[in-house]
Amino acid sequence: MPINGLPRAAAPAPPSHPTEAHGIRMPRRPASLTVEVRRTAAREDPAVPPTFPFSAIVGQDEMRRALLIAAVDPSVGGVLVFGDRGTGKSTAIRGLAALLPPMAAVAGCPYACDPGEPAGLCPHCSGRSGARKAQAIPVPVVDLPLGATEDRVVGALDLERALTRGEKAFEPGLLARANRGFLYIDEVNLLDDHLVDLLLDVAASGVNTVEREGLSIRHPARFVLVGSGNPEEGELRPQLLDRFGLAVEVTTPTDLPTRIDVVRRRDAYERDPAGFCAAYAKADRSIRKTLAAARARLPALTVPDATLEAAARLCLALGTDGLRGELTLMRTARALAAYEGAETVSLDHLARIAPSALRHRLRRNPLDESGSTARVARAVEDVLAR
Ligand SMILES: [Zn+2]
């Protein structure tokens, strides 16, 4: 069994009707004018064991740090995780989401709108005045399967209702379910380029717009995109690569004690999930508190000119395209400083986060065959004179 072979949270069953049946002719009956949004089914399943605790993950420091940074400041952009199978990628994301505090959501809303944020409400909620009932729900982690069609991802016309009742109803897709949570794509490098493009667009804007078959829907879709992939099985185009905020590498641990520790913990978890989780509850609680403090601290944390200048010099030295490198470097260093409770964003924060923020933004250099991580490390040495 792979190390990250956790049973996935039960996903709602896919729609039983063919959303892809573009060939079906629509009835000539006049469709109702209002566009309704169908409620999604309840997400919890008591048969699903508790999630493997984030604090129980052994090693993989860079990946865990990148995910924590994205949780402190989702505006850093998505996280790309490169590496071997069975290195706990999916486990880490689920563990992180599970330790985030439950979020208040409008009851019955398929987009899990935040009742405290009227501006971001969806078509389901915005037309309803008066009291909106709020409920606490877990932060969603949505898996995007490789074979998913665009309709399934963005949502589509509910054909069943259109055909049987002549109503134009919107069937929300995976992006609706991922709102305010995480969207996880295993093997993102095998996904269709245009779908990755679309996902990155929505992730950046926080809004999903669907215009088709006479439907026009806009709904909030703010999520942290996490893609994993094995670079040996297909590459992402550079234009897509550099739109991810952070890129981290994970490897199967090679030292004996770590391997033994990983196997021992996985076995203990599978034999007694509840008992195992209880043993790590305190450590998870401590991360949750640190995260909450970091989020509260972030808005007031400024980046000194010297740090910003160093970030720019680093990107110049590495020849990264555009200014996205600097921007991500600054934001991730700030989120890291917030997480560590620092008073200011220092060159040390910058140096530590530089490989994750920059390694996927380097152009191939035919004269330099060393790996991108080594090139970033060298530039950090040179520019920051550490
Ligand atoms: Zn809503």
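The values are calculated or read from the model by the stated rules, or taken from the named source; none is laboratory data. What you see is a predicted model; the values in this text were computed from it and never measured. When we count neighbours, we look across all protein chains shown, and the Cβ atoms used for this are built from the backbone with ideal geometry, even at glycine.
When the test is whether a residue is under 25 Å from Val196 (Cα atoms), out of contact with any Asp or Glu (no Cβ under 6 Å at 6 or more places or on another chain), crowded, with 16+ Cβ neighbours inside 10 Å and charged (D, E, K, R), Arg180 passes it. Residues that are assigned to a strand (DSSP E or B) and touching a Phe, Trp or Tyr at 6+ places or on another chain (Cβ under 9 Å) within segment 164-183 comprise Pro172, Gly181, Phe182, Leu183, listed in sequence order.
Taking the condition out of contact with any helix residue (DSSP H, G or I) (no Cβ under 7 Å at 6 or more places or on another chain), within 16 Å of the ligand (Cβ to nearest atom) and closer than 16 Å to Gly181 by Cα, does Ala97 pass? Answer is no for this residue. Pull up segment 213-257, narrow it to residues that are within 16 Å of the ligand (Cβ to nearest atom) and in a loop (DSSP other than H, G, I, E, B), then point me to the one that is surrounded by the most Cβ atoms within 10 Å (Cβ to Cβ). Selected residue: Ala221. Scanning segment 68-105 for residues that are over 16 Å from the mean Cα position of the chain (by Cα) and within 27 Å of Met330 (Cα to Cα) gives Gly83, Pro101. Residue check: Ala107 meets all listed conditions (1) assigned by TED's automatic domain parsing to the domain that holds Ala56; (2) closer than 28 Å to Pro49 by Cβ; (3) within 16 Å of the ligand (Cβ to nearest atom) but one, namely (1). Here the condition is being touching a residue at least 60 places away in the same chain (Cβ under 8 Å) and of a type in the set (Lys, Arg); of Arg271, Arg295, Arg259, it holds for Arg295 alone. Residues being outside the structural domain of Gly95 (by TED's automatic domain parsing), closer than 29 Å to Gln239 by Cα and of a type in the set (Asp, Glu) are represented in segment 355-376 by at least one member.
If you go through segment 122-175 and pick out every residue that is within 15 Å of the ligand (Cβ to nearest atom), closer than 13 Å to Ala105 by Cα and touching a residue at least 40 places away in the same chain (Cβ under 8 Å), you end up with 4.
When the criteria are applied in full, Thr302 fails the requirement of being assigned to a helix (DSSP H, G or I) and either free of Cβ contacts under 8 Å to residues at least 24 places away in the same chain or among the polar types (S, T, N, Q) (or both). Scanning segment 109-122 for residues that are over 14 Å from Asn179 (Cα atoms) and either part of a loop (DSSP other than H, G, I, E, B) or at pLDDT 80 or above (or both) gives a single hit, Gly116. Please work out if Leu241 is hydrophobic (A, V, I, L, M, F, W, C), within 25 Å of Arg352 (Cα to Cα) and modelled with pLDDT of 95 or more. No.
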